[in-house]
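Visitor: Submitted below is the structure of interest, expressed as structure tokens.
Laboratory data are not the source of any read-out in this text; all were calculated from the coordinates shown. Quick caveat: nothing in here was measured; it's all calculated off a predicted structure. All Cβ positions, even for glycine, are placed from backbone atoms using ideal geometry, and neighbour counts span all protein chains on display.
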């Protein structure tokens, strides 16, 4: 007879929702909203670990490394989503932040639950993207024991990459095969084991912080303005004009002319106006400041 195995934090029954099938729609909403409020609190308790991860990620990216997310199911999808948002938001090359999901592209749209148990698949996926010692790997496993993620983290450490484990389970197995653990404990889900709920929310919040925090440290913002965005649609073209206007005080019409003169590069346009230089000179100032807009504006008495 098999001994009872310990119940994972993410698999436990939530006493607050044991009678959820008897509740009205409004009562379900209020219950779920009350439970969801625990996610930011859990993330807040991991602030120091998240901050350390941001510093490490930014340092590795400066050194030519990449940020790679690895996960299965909801965890994998959230990693892919965060990676996909970096190029339009921060004008990063697509290969700088990569999201890998067990089962590949098809698993984004259709569940491939069996793939998460395949350790060899994680190693193959990481080898395919050329994981190296300059990279950071964030292994995402809300349960803390997904074989695909465990194998990926272990492989990353063997390659010399920095391994970060993100889970939502007490005494998570992934914590033993990483260099840094981030563990927001949100407690049992409203529907037992459905980690796309609170655990998914907490995971999304942490990933937002990791990528955004690293990009801020790399100079992708000026204050809270998104100065390194890539204007790929009409909404972002309008946002580019508005950012140049807000950063410099010039009219949006003048901002549009500046952007036209420098190929739509927001930082270049701002430096052109403030420093009274050409587009090429503006790019040189930005290059000398390591891409930091504030440094380009303030250097040499600017």
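Visitor: Select from 206, 277, 97 the residue whose mean-square fluctuation is largest in a Gaussian network model of the chain (Cα-Cα springs shorter than 10 Å).
Guide: Looking only at 206, 277, 97, the largest GNM fluctuation is found for 277.
Visitor: Rounded to the nearest 5, what is the percent of antiparallel bridges among the DSSP beta bridges in the chain?
Guide: Numbers: 1 of 19 bridges.
Around 5 percent of the beta bridges assigned by DSSP in the chain are antiparallel ones.
Visitor: Further, regarding this structure: Using all alpha carbons of the stretch 38-217, what is the percent of pairwise distances in each 10 Å bin, ordered from the shortest bin to the longest?
Guide: Histogram of Cα-Cα distances, whole percents per bin: 11, 43, 38, 8, 0.
Visitor: What translational D, rounded to a whole number of µm²/s, comes out for the chain from Stokes-Einstein when the hydrodynamic radius is the Kirkwood one over Cα pairs, at 4 °C and 1.567 mPa s?
Guide: For these conditions, the coefficient is 62 µm²/s.
Visitor: Now, a different point. What per residue convex hull volume, in Å³, comes out for the stretch 38-107 when only alpha-carbon positions are used?
Guide: On the way: hull volume 7.3 nm³, N = 70.
So the per-residue Cα hull volume is 105 Å³.
Visitor: Something else: Cα axis of helix 198-217 to longest principal axis of the chain: angle in degrees, 0 to 90, nearest 10?
Guide: Rounded to the nearest ten degrees, it is 30.
Visitor: Could you check which residue among 118, 178, 168 shows the biggest mean-square fluctuation in a GNM of the chain with a 10 Å Cα cutoff?
Guide: Taking springs between Cα atoms under 10 Å, the residue moving most is 118.
Visitor: Once both labels are modelled 7 Å past Cα along the beta-carbon direction, what's the residue 23-residue 157 spacing in nm?
Guide: My value for the distance between the label points is 4.0 nm.
Visitor: Right, here's the next one. Two-decimal Rg/Rh of the stretch 234-301 from alpha-carbon positions, Kirkwood Rh? Can you show the working numbers first?
Guide: Details: Rg = 11.1 Å, Rh = 11.7 Å.
Reported Rg/Rh, Kirkwood definition of Rh: 0.95.
Visitor: Can you give me the distance in nm between label points at residue 132 and residue 11, each placed 7 Å from the Cα along the Cα-to-Cβ direction?
Guide: Using points 7 Å along Cα→Cβ, the separation is 4.0 nm.
Visitor: Then there's this: With a 10 Å cut-off between alpha carbons and a GNM built on the chain, which of 198, 235, 52 moves the most?
Guide: Of 198, 235, 52, the most mobile in the Gaussian network model is 235.
Visitor: Now for a different question. Just rank 250, 191, 50, fewest to most, by other beta-carbon atoms within 10 angstrom. Before the final figure, lay out each step's value.
Guide: Working: 250 18, 191 14, 50 21.
Least to most surrounded, the residues fall as 191, 250, 50.
Visitor: Something else about it: Quick one: check the C-alpha center-to-center distance for the stretch 264-294 versus the stretch 39-88, whole angstrom.
Guide: 29 Å
Visitor: Across 5 Å bins from the origin, how do the percents of Cα pairs in the stretch 181-256 run, short distances first?
Guide: Distribution as computed: 3, 14, 16, 14, 12, 10, 10, 10, 6, 3, 2, 0 percent.
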